[in-house]
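**Student:** Please read through the structure below; I'll follow up with questions.
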Amino acid sequence: MRGRTAVVTGSTSGIGKGITRALAEAGTNVMLNGFGDTGEIEAQRADIEARFGIKANYHGADMTKPAEIRDLIAEAEGQFGQVDILVNNAGIQHTDEIEDFPDERWDEVIAINLSSSFHTTKAAINGMKQRGWGRIINIASVHGLVASVQKVAYIAAKHGLIGMTKVTALEAAGTGVTCNAICPGWVKTPLVMAQIQARADQDGISTDQATINLLREKQPSGQFTTIEQLGATAVFLCSDAASNMSGATMTLDGAWSAQ
Ligand code: NAD
């Protein structure tokens with residue numbers, strides 16, 4: 001892994017942060033991306049650089065803006081020489097029934113959770129093919145495989161991302177470039193904490209009880225998947241052991257999708 005470069009979208013928080021750290025620990029240079037407090041992002045960047053002896057840079061591309069996404073990949077190629085690993089992770093959630101779902105929230109979820117991965121892949125895949133090695137990892141969701149109520153845009157985007165994963169894998173087959181999707185169930189990140197808080201407020205219960213209810217409803221293991229487990233899965237997908245694995249969906253969902 002040492003000497004390789006990874007771009008991880010949405011890596012200033014949650015799962016992307018965990019994956020970036022795992023890739024850096026494995027020796028990969030990383031380009032961080034995502035929103036957040038400037039000082040906190042710089043602290044995160046400096047920490048992984050010092051801790052793991054790799055090079056880490058940051059690019060603030062907004063995943064709703066194709067020109068900024070192209071610039072993210074171009075900057076990573078310019079600063080590191082190449083992009084070997086692309087992790088399409090940035091994502092948001094909005095919950096409402098279809099009849100109440102605001103049009104602009106539909107557009108935003110589709111742009112960030114689906115279209116951004118098309119734009120990053122389009123910009124990065126040719127270089128990977130030419131160099132004969134590349135790993136594209138799409139952070140989909142168990143919601144790319146099964147549905148739940150009130151998440152129409154998220155679930156449409158994640159199902160679409162799994163379709164995109166398969167096309168990318170087919171088009172790259174035989175070139176040394178693989179593309180796979182990771183499908184987590186519940187992971188305790190700010191994205192899910194907001195949903196737990198909303199349920200606690202709506203049902204008039206504690207966040208602890210709302211957490212237990214959330215897990216009990218969908219995730220039979222009763223445990224959250226961790227960002228460390230997802231980081232290790234991304235590192236595995238970059239290893240030689242996974243070189244003939246492409247177009248696959250890896251579920252880390254505590255048996256959610258087995259039901
Ligand atoms: P999070 O809210 O902790 O992190 C989301 C990241 O995306 C942040 O870095 C944020 O700044 C970035 N982001 C949001 N909008 C952006 C934009 N317009 N441009 C650039 N960056 C933007 O969420 P998370 O839970 O870590 O989610 C990461 C991914 O994992 C998402 O794609 C999500 O759908 C997926 N996922 C999460 C869970 C879960 O339970 N948390 C489960 C399955 C899949």
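Read-outs: derived from the displayed coordinates by stated rules, not from any lab. On a predicted model such as this, the values are computed, not experimentally measured, just so you know. Methodologically, a virtual Cβ is constructed for each residue, glycine included, from the backbone with ideal geometry; neighbour enumeration extends over all protein chains shown.
**Student:** Would you look at the GNM of the chain, springs on alpha carbons closer than 10 Å, and say which of A194, A24, A147 moves the most?
**Tutor:** A194
**Student:** If you don't mind, another one. What distance in nm separates the simple spin-label points at M245 and E99, each placed 7 Å from Cα in the Cβ direction?
**Tutor:** Label at M245, label at E99, 4.5 nm between them.
**Student:** Considering only DSSP states other than H, G, I, E and B, which chymotrypsin sites (Phe, Trp or Tyr not before Pro) in the stretch 13-91 qualify as loop sites with at most 12 other Cβ atoms within 10 Å? Walk me through the intermediate numbers first.
**Tutor:** Numbers: sites: F35, F52, Y58, F80; in loops: F35.
Counting only loop positions with at most 12 other Cβ atoms within 10 Å, the chymotrypsin sites (Phe, Trp or Tyr not before Pro) in the stretch 13-91 are F35.
**Student:** With springs connecting C-alpha atoms under 10 Å apart, model the chain as a Gaussian network and identify which of E97, E108, E49 has the largest mean-square fluctuation.
**Tutor:** Checking each option, the largest mean-square fluctuation is seen for E97.
**Student:** If you don't mind, another one. Can you tell which of I196, I212, I54 shows the greatest fluctuation in a Gaussian network model of the chain with Cα springs below 10 Å?
**Tutor:** Comparing I196, I212, I54 in a Gaussian network model of the chain, the most mobile one is I212.
**Student:** Once whole DSSP H runs in the chain are found, which of them have Cα atoms spread over 20 Å or more along the helix axis and a mean Kyte-Doolittle score of at least 0.0? Walk me through the numbers before you get to the answer.
**Tutor:** Values: long enough: 38-52 (21 Å, -0.69); 66-80 (21 Å, -0.20); 116-131 (23 Å, -0.82); 152-172 (30 Å, 0.85).
Flagged H segments are 152-172.
**Student:** While we're on this one: Search the structure for amide H atoms under 5 Å from the amide H of G10, placed 1.01 Å from N in the peptide plane, and list their residues when 5 or more places away or on another chain.
**Tutor:** Residues meeting the criterion, in which the H sits 1.01 Å from N, are N33, G34, A90.
**Student:** Along each of the three principal axes of the Cα atoms of the chain, give the extent in whole Å, ordering the values from largest to smallest.
**Tutor:** Answer, in whole Å and largest first: 53, 40, 35 Å.
**Student:** From the phi angles alone, apply the Karplus equation (6.51, -1.76, 1.60; θ = phi - 60°) to the stretch 182-188 and give each ³J(HN,Hα) in whole Hz, x where the residue is Gly or Pro.
**Tutor:** 9, 10, x, x, 5, 10, 7
**Student:** Largest first, please: the extent of the C-alpha atoms of the stretch 1-114 along each principal axis, to the nearest Å.
**Tutor:** That gives 51, 24, 24 Å along the principal axes, largest extent first.
**Student:** In Å, what Kirkwood hydrodynamic radius results for the stretch 186-259 from the alpha-carbon pair distances?
**Tutor:** Across the stretch 186-259, the inverse of the average 1/r is 14.0 Å.
**Student:** Calculated FRET efficiency, Q223 and R51, Cβ-Cβ r, R0 22 Å, to nearest 0.05?
**Tutor:** Numbers: r = 27 Å, r/R0 = 1.24.
Rounded to the nearest 0.05, the efficiency is 0.20.
**Student:** Also: Which listed residue (T95, I85, N138) has the Cα farthest towards the positive end of the charge dipole for the stretch 21-139, taking +1 on Lys and Arg C-beta and -1 on Asp and Glu C-beta about the Cα centre?
**Tutor:** So the residue furthest toward the plus end is I85.
**Student:** Now, a different point. Rounded to the nearest 20 debye, what is the charge dipole size of the chain about its Cα centre when +1 sits on each Lys and Arg Cβ and -1 on each Asp and Glu Cβ?
**Tutor:** Numbers: 21 positive and 28 negative charges, 218 e Å.
Dipole magnitude for the chain comes out near 1040 debye.
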